[in-house]
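Engineer: Structure below; questions to follow.
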Amino acid sequence: MAAELMADGIPPRQRARGAGRLTQFDPAAAAASGASPAPATDAAALWDSARARIERRVGADSFAAWIAPLCFLGIESGIARFGVPTGFFGSWVERHYAGVILTALAEAGAGAHGLAFDIRPAAAAPAAGAPAVDAEPAEEAALPGSPLDPKLTFENFVVGKPNEMAFHAARRVAEQGEVSFNPLFLHGGVGLGKTHLMQAIAWAIRQRDPAKKVIYLSAEKFMYRFIHALRSRDTLGFKQMFRSVDVLMVDDVQFIAGKDSTQDEFFHTFNALVEQRRQVVISGDRSPSDMDRLEERIRSRLQWGLVVDIHPADYELRLSILEAKAEQQLATHPRAQLAPGVLEFLAHRIASNVRVLEGALTRLFANADLLGRRIDLDMAQEILADLLRASDRKVTLDEIIRKVAAHYNVRVGDILSQRRARAVARPRQIAMYLAKQLTARSLPDIGRHFGGRDHTTVLYALKRVEELRKTDSAIAEDLELLRRMLEG
Ligand code: ADP
Ligand code: MG
């Protein structure tokens, strides 16, 4: 094997990372079986347009394997629903393509913030004699690892409290001095940066020491390689290849939990490498101790090294990530205009994973680009209505006023009154700010509710509080605390 990463001349962006095909399921046969009902024509047109975008993004092979077999059933309450042949198929698509699908739907003009899958077993029956395993794309089969995404570097990774431990551990591994923890096990929910950090390690080592043999691949791909080796009676070659690397990184290891022969082979590979003091990095969607279907000996082995949890991004980290990504978007959309306060608004309102945050920004910039609109709060609320609704726990203006009054120890009547003393004016401004952040109410609406004030008064309050949030940490903490209480 060349002492190199998997440079195969194919731009990584053209293929989904770690995509491959299922063992028991032949998507082409399922697609041809026509088991799904025809969706309404406008839904069909929408999906056609979204599909074309997805194909450009993930490449023909991944598209044929995972997207083509999906039967689009429509969008309801912000959830895009698909018919899939198996539950596993659905969770795979969710895990690997949710961002791409949601972005494509948004670009095709329909917003959704989540995916749901209906299992339609009829679609799953593979045609008789259909090839079961060797459906892996030919050019991928030639590579032991997966191609790397050039964007997933340490430089592009924004560090905050929830991920700093994982970041520093990844840096340490990339520095490649003495192997200090082996394996490094990164775990956390979807879209929190596990793949990003692993690929960043690979890029960093590749840059510093091109002679090092680094392999990054998904656990799924590991399984394919193994099955392929079994079928072509080349398990020796397989073992030699994986046991001769300097750094092995296996992403989404939960995939092989419960798949016995693959688990076994993984265990042996893993042991051989660790014994030779080669670095192993593993990721999973949960900690080893929580992986039920993993063999006990593997589970305990995975805990020998350093197990690091990536926590969901908090407000500060969400905002820093948005700032970094907005800067990149502005560089590629030079005509787009981004009004102040929008990123803060998104960071407040979209508390799920980083991929969703990225998707929201992409939608806003696509809209600004296509329609020449300035990205401001109103536009964001309109374009992202579905996303925002999902995180909207139906907070009412009265609730906000009550909670803020209680927090600052003033009466609700004071907040609604015309009094201008700082002791009541500041809580009033804060309540207005939270009203704008946490509800879909317009400025005039909020003004009316706050004792019949003008919308310009509300606007002034929003600006003032935003300034204070940046300069006064006590106010910033109050805001975060109140927001948490109100959002439950
Ligand atoms: P995971 O593998 O944990 O599901 P990914 O690494 O694929 O998540 O991250 C999802 C997306 O969010 C990627 O586009 C990634 O670049 C981005 N992302 C996640 N965390 C960060 C971060 N801290 N800074 C910048 N981008 C991030
Ligand atoms: Mg990942």
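The values are calculated or read from the model by the stated rules, or taken from the named source; none is laboratory data. All figures in this text were calculated on a predicted structure; none of them were measured in a lab. We place every Cβ from the backbone using ideal geometry, glycine too, and count neighbours over all the protein chains shown. Please note that ligands, DNA and RNA were not included when accessible areas were found on the heavy atoms of the full protein model with its side chains. Shrake-Rupley method; radii C 1.70, N 1.55, O 1.52, S 1.80 Å.
Engineer: When residues of the range 137-161 are filtered for being under 18 Å from V250 (Cβ atoms) and modelled with pLDDT of 90 or more, how many remain?
Structural biologist: Residues in the range 137-161 being under 18 Å from V250 (Cβ atoms) and modelled with pLDDT of 90 or more: 2 in total.
Engineer: Filter the helices (runs of 4 or more DSSP H) completely within the range 282-372 down to those with at least 1 residues that are under 21 Å from the mean Cα position of the chain (by Cα).
Structural biologist: Values: elements: 296-302, 315-332, 342-349, 354-371.
Here the list reads 315-332, 342-349, 354-371.
Engineer: Please find, among G451, G372, the residue that is over 22 Å from R469 (Cα atoms), open to solvent by 10 Å² or more (accessible area, probe 1.4 Å) and assigned by TED's automatic domain parsing to the domain that holds L481.
Structural biologist: Details: G372 fails: assigned by TED's automatic domain parsing to the domain that holds L481.
Unique residue meeting the criteria: G451.
Engineer: Tell me, which residue of the range 163-192 that is in contact (Cβ under 8 Å) with a residue 60 or more places away in the chain, surrounded by fewer than 20 Cβ atoms within 10 Å (Cβ to Cβ) and within 21 Å of the chain's Cα centre (by Cα) is nearest to ligand 2 (Cβ to nearest atom)?
Structural biologist: Only one residue tops the list, namely V190.
Engineer: Looking for something more than 26 Å from L102 (Cα to Cα) and either of a type in the set (V, I, T) or modelled with pLDDT of 90 or more (or both) - is there at least one such residue anywhere in the range 362-369?
Structural biologist: Of the residues in the range 362-369, the ones more than 26 Å from L102 (Cα to Cα) are none.
No: zero hits.
Engineer: How about the range 88-107: which of its residues are more than 16 Å from ligand 1 (Cβ to nearest atom) and open to solvent by 40 Å² or more (accessible area, probe 1.4 Å)?
Structural biologist: Pass one, the range 88-107, residues more than 16 Å from ligand 1 (Cβ to nearest atom): 88-90, 105, 107.
Once the filter is applied, which keeps residues that are more than 16 Å from ligand 1 (Cβ to nearest atom) and open to solvent by 40 Å² or more (accessible area, probe 1.4 Å), the range 88-107 yields F88, E107.
Engineer: Which of the residues spanning the range 193-221 are in a helix (DSSP H, G or I), within 11 Å of ligand 2 (Cβ to nearest atom) and open to solvent by 10 Å² or more (accessible area, probe 1.4 Å)?
Structural biologist: Residues satisfying the conditions are K194, T195, H196.
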